[in-house]
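Everything below concerns the one structure shown next.
Taken together, the values in this text are just the output of simple stated rules run on the coordinates, not laboratory data. Just so it is clear, the model here is predicted, and its values are computed rather than measured.
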Amino acid sequence: MSTIPRITRIGETTDQLGESPVWDAHTQSLYWTDSLAGVIHRLSPATGAIEEFQVPAPVGSMALAHNGDAILALRHGFARYDFRTRSLTTGASIGLDHAMLRLNDGKADPYGRFVAGTMHGGRAEDEKPLGGLYRIDASGAIEHLESDLAVANGPCFSPDDKTFYLADTVRRVIWAYDYHRDGPLANKRVFADMDPLGSGGDGATVDAEGYLWTVLVRIGAIARLAPDGTVVRRVDMPVRHPTSVTFGGAGLDVLYVTSISRSTHLRDDSPGAGGLFAVEGLGVTGLPAHRFDTR
């Protein structure tokens, strides 16, 4: 039987576009971004203290590195950020300088690379999306893994690291692929058709049982999907547009949720919009986040 969750707003931050929450098990802290403001937040749940780090906007996503730095997906390329010195080192570009195209959601993979997709806004109905899905390694080499993605979101991996999930929020579908250390994505298939729920999937994570948690950004909710793609649970949030999720806390049993107050296309004037939320009492735990290899 599902337990009744407790949803609490954490702190008083109000993000325009809260995104990319990442739990750091080493320091027991939570990172997340305000994509449009170019801010990385760092929360210490033990004290409630929140620090801010300014980076170039927009910042599509981030992952933590083994050395404590972060790798960032910026508008058209990648960068590393040193929290100790508050300095940014620009890295490789995806090679597409287009005003309506930018890097979006991303995560570190099981092998120390960073995988991030793009969003292509303002397209005509018959215009093929530019960009796609990219993977960068410690040397700065970039691979183009996938094309024809309108708005890539929610990249995440199964507990055995053999399956990669990726949503196209505009098309309201979540794809699954076979994933390997080397070589391209393989065996693309539809994991879940999200259209009947009234929203495409946005940010996502996978729990220790192999179930995928995805944000339903248009309807103010989060869904838990079984490994066969069936929706088995829904959690309604107190804001209209949640954006992304990650498990954190000492037992990885707290689901942290970011949200929107005013993004490019969505607006929420309700109390708490743009805030960070903690969902407790779900009765499940998450997985430690993979980290980027800086060797």
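Observations, loosely collected:
- Grouping the Cα pair distances of the stretch 201-260 into 10 Å bins from zero gives a pair-distance distribution of 25, 56, 19, 0 percent in increasing distance order.
- Cα-based reach from K128 at 22 Å (exclusive), listing lysines while leaving out same-chain residues under 8 positions away: K188
- The stretch 70-88 and the stretch 154-207 have Cα centres spaced 26 Å apart.
- Cα extents of the stretch 169-295 along the three principal axes, largest first (Å): 46, 36, 33
- Structural descriptor for the chain: relative contact order 19 percent, calculated from alpha carbon pairs under 8 angstrom and at least 6 residues apart.
- Rg/Rh ratio calculated on Cα atoms of the stretch 1-41 (Kirkwood radius): 1.08
- Over the Cα atoms of the stretch 21-70, the radius of gyration divided by the Kirkwood radius equals 0.96; this is the Rg/Rh ratio.
- For the stretch 240-248, backbone phi angles converted through the Karplus equation (6.51, -1.76, 1.60; θ = phi - 60°) give residue-by-residue couplings of 6, 10, x, 10, 7, 9, 7, 8, x Hz, Gly and Pro being listed as x.
- Pairwise centroid distance, computed over Cα atoms, of the stretch 230-295 with the stretch 94-117, Å: 20
- Over the stretch 1-88, the reciprocal of the mean inverse Cα-Cα separation, the Kirkwood hydrodynamic radius, stands at 13.8 Å.
- When its C-alpha radius of gyration is set against 2.2 N^0.38 Å (N residues), the chain gives a value of 0.90.
- Rg/Rh ratio calculated on Cα atoms of the stretch 113-219 (Kirkwood radius): 0.96
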